[in-house]
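Taking it in order: structure first as structure tokens, then the write-up.
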Amino acid sequence: MLKAFMAERSPVYIVGGAVRDHLLGISTIPGWSRSTPDCHLHDADGAHSRSQIPTSTTDLDLVLDGPVLPLARRVADRLGWAYYPLDEKRDVARLIGTIVDGQRIECDAAALRGDLRSDLLARDFSSNALALKLTADSSPQLIDECGGLADVASYTLRRVSDESLRDDPIRLLRAVRLSAQLGFAIEGGTRKQISELAGTVNVVSAERLRQEMWKLLDCARPDDGVRELDALGLLTPLFPEVRALQGVEQSSRHHLDAYEHSLLAAHYAAELRNWLRGGSPPEDGTLAQSLEPWTDGLQSHFCEEIAAGHDRAGWLVWHALLHDTGKANSPSGDNGSGDGRQNAAGHQELSAEIAGSRVGSYRFSRREVLLAESVARMHSVPRRLVKALPKDEEHIGPRAAYRFFRDAGSVVAGHQFVHGLGSGGPRQPLDGLDVTLQAVSDLQATGLERGDGWGRFLKAAEGLFCYALTRPAAHLAAPLVDGHRLMEHLGLAPGPKVGTILGELAEAQASGTIANVNEAMKLAEDLLARDADQRKSGA
């Protein structure tokens, strides 16, 4: 692809994150070695020690002399790639395609803003203001106009100029995201200016904020990212409902206020997210052992993308941050322990309303809004189901599991969202799995010690995993009999009685009590007869 651009016009400059990440050893740019003198980092601690095994760069930003749009279209046609004119006024195009190994590459090509030096000085941070000059007849040449090489070597995030952050307030949030993502320390003057300009972040479009917020919360330690937002004054404009949890006391089973609890839950949610994406299992051995038998099913479910680039696993961190947001404004009552601490009564419904509103404000999809609402509303239900279990029962049973998954299913226009775990088999609503893992991270963040109740909770929750991941799915999507057939068989007119009987049949089907139409009809007859007997005895 680079050769195709150079065949049209030379030189071509690779700029921004691709150059930085190549120097850090996070990714590689083909044809350029980090061992060449012009890109040696001189890092006494080993600049590459923080990086993982490098992968090929899949996101490239190019600048070159304009006009760029017609050139980019010719390159895309030659390669058979997709072409999009991103900004015709600024002469910016996007090309999307695949290379030899099938890897997807996204390339943005833009016209130089003046000469190269002017272009680099107009960028956000010094580490992003590095350029790699490519020509057909010479080796790649690193160009550093802003001291970016030294800042990459020292893991420092520094604004290019006083105007860098003023020019585009999204850079305030990007600074926190890059710091969390790369382990860079934000330089003192840059920190000071971010704090001074924090309120201006509200002028940024919701779509751009969404992109940066998703990347920030998708970092290895999202809780540290949120703390940095707060330290720089950005949490209030971006997540005011999370900031409002600071100092909100909770019931005696909690050892932290609602804010610290939510951040700790986000930390544990990130552990689960990483495992679900194929990483290391959670550090808690009891939890890892409990989840291990369900690995394939859970990973299949949580790697499903709800919207482009947003998988269910990534949403676990958002759920953790938002699940208790209603506590700041919920009616409080004495928890009965005599310690003066309070319960936030009914906070789940308010949390659901707040979560949906916040997710919607960032222009996430309707499906994502509904999922956020559902998880916040039901996050306490798994714990209640475990608490209600008789002492001689270890697992949540299929009837209770059916009700749970039924109630957790997100609904639009009367239809539950369903999927088939990538198996091509029957499709089923499984948003209850998202609720269950949120409940896991919630409980992990509750209390200094977990004790025997932790193991009992995990053992009981296996009943939910078993129900969702091993039982035939048809009982969730297709009832054995519908209302019309039931009314015809029983001689009933439309009304509440029909709905009540259908609900009873659905639960019986879910628990395995009935397995075919004949058994369903027999149970319906028995239910109708029982209702008639109760009416007689009541009379």
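Condition (residue is modelled with pLDDT under 90 and buried (at least 18 other Cβ atoms within 10 Å of the Cβ)) applied to the stretch 51-59: is it met by at least one residue?
Yes: one or more hits.
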With the requirement that a residue be closer than 15 Å to ILE105 by Cα and touching a Cys at 6+ places or on another chain (Cβ under 8 Å), what does the stretch 1-28 give you?
MET1
List every residue pair whose Cβ atoms lie under 7 Å apart, where the two residues are 6 or more positions apart in sequence or sit on different chains, the first residue falls within the stretch 202-224 and is of a type in the set (S, T, N, Q), and the second residue, located anywhere, is part of a helix (DSSP H, G or I).
ASN202/PRO237
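What tally of residues in the stretch 229-255 results from selecting those that are touching a Ser or Thr at 6+ places or on another chain (Cβ under 7 Å) and not basic (Lys, Arg)?
Going through the stretch 229-255 one residue at a time, the tally reaches 7.
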Determine the pairs where a residue that is over 20 Å from LEU370 (Cα atoms), located within the stretch 390-411, has a partner that is part of a loop (DSSP other than H, G, I, E, B) and at pLDDT 85 or above with Cβ atoms under 7 Å apart, the partner being 6 or more residues away or on another chain.
ILE396/LEU389
If a residue must be within 25 Å of the chain's Cα centre (by Cα), among the aliphatic types (A, V, I, L, M) and modelled with pLDDT of 90 or more, how many such residues does the stretch 85-107 contain?
1
Of residues in the stretch 364-415 being at pLDDT below 95, part of a loop (DSSP other than H, G, I, E, B) and over 30 Å from GLY453 (Cβ atoms), the one most open to solvent (accessible area, probe 1.4 Å)
ALA413
Within the stretch 517-539, considering residues that are closer than 26 Å to LEU464 by Cβ and without any contact (Cβ under 8 Å) to a residue 40 or more places away in the chain, the one surrounded by the most Cβ atoms within 10 Å (Cβ to Cβ)
LEU523
Since GLN193 meets every condition but one in (1) part of a helix (DSSP H, G or I); (2) open to solvent by less than 30 Å² (accessible area, probe 1.4 Å); (3) touching a residue at least 40 places away in the same chain (Cβ under 8 Å), which condition does it not meet?
(3)
Test LEU132 against the stated conditions and say whether it is of a type in the set (A, V, I, L, M), out of contact with any Ser or Thr (no Cβ under 9 Å at 6 or more places or on another chain) and under 29 Å from TRP32 (Cα atoms).
yes
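This table checks each residue for (1) open to solvent by less than 30 Å² (accessible area, probe 1.4 Å); (2) within 19 Å of LEU371 (Cα to Cα); (3) aliphatic (A, V, I, L, M); (4) touching a Ser or Thr at 6+ places or on another chain (Cβ under 8 Å).
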{"residue": "ASP257", "(1), (2), (3), (4)": "no, no, no, no"}
{"residue": "ARG273", "(1), (2), (3), (4)": "yes, yes, no, no"}
{"residue": "SER280", "(1), (2), (3), (4)": "no, no, no, no"}
{"residue": "LEU287", "(1), (2), (3), (4)": "yes, no, yes, no"}
{"residue": "LEU291", "(1), (2), (3), (4)": "yes, no, yes, no"}
For the stretch 145-189, give me the residue count where each residue is part of a helix (DSSP H, G or I), free of Cβ contacts under 8 Å to residues at least 40 places away in the same chain and buried (at least 21 other Cβ atoms within 10 Å of the Cβ).
1
Hey, can you tell me all the residues within the stretch 201-238 that are part of a helix (DSSP H, G or I), over 22 Å from ILE354 (Cα atoms) and either open to solvent by less than 50 Å² (accessible area, probe 1.4 Å) or in contact with a Cys (Cβ under 6 Å, 6 or more places away or on another chain) (or both)?
GLU228
Filter result for ALA198 (farther than 26 Å from LEU448 by Cα, surrounded by 18 or more Cβ atoms within 10 Å (Cβ to Cβ), of a type outside the set (Ser, Thr, Tyr) and in contact with a Cys (Cβ under 9 Å, 6 or more places away or on another chain)):
no
From the list GLU507, GLU488, exactly one residue is open to solvent by 10 Å² or more (accessible area, probe 1.4 Å) and modelled with pLDDT of 85 or more. Which is it?
GLU488
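The values are calculated or read from the model by the stated rules, or taken from the named source; none is laboratory data. None of the values given here were measured: they were computed from a predicted structure. Backbone-built Cβ (ideal geometry, glycine too); neighbour counts: all protein chains shown. Accessible surface areas use protein heavy atoms only, side chains included; no ligands, DNA or RNA. Shrake-Rupley method; radii C 1.70, N 1.55, O 1.52, S 1.80 Å.
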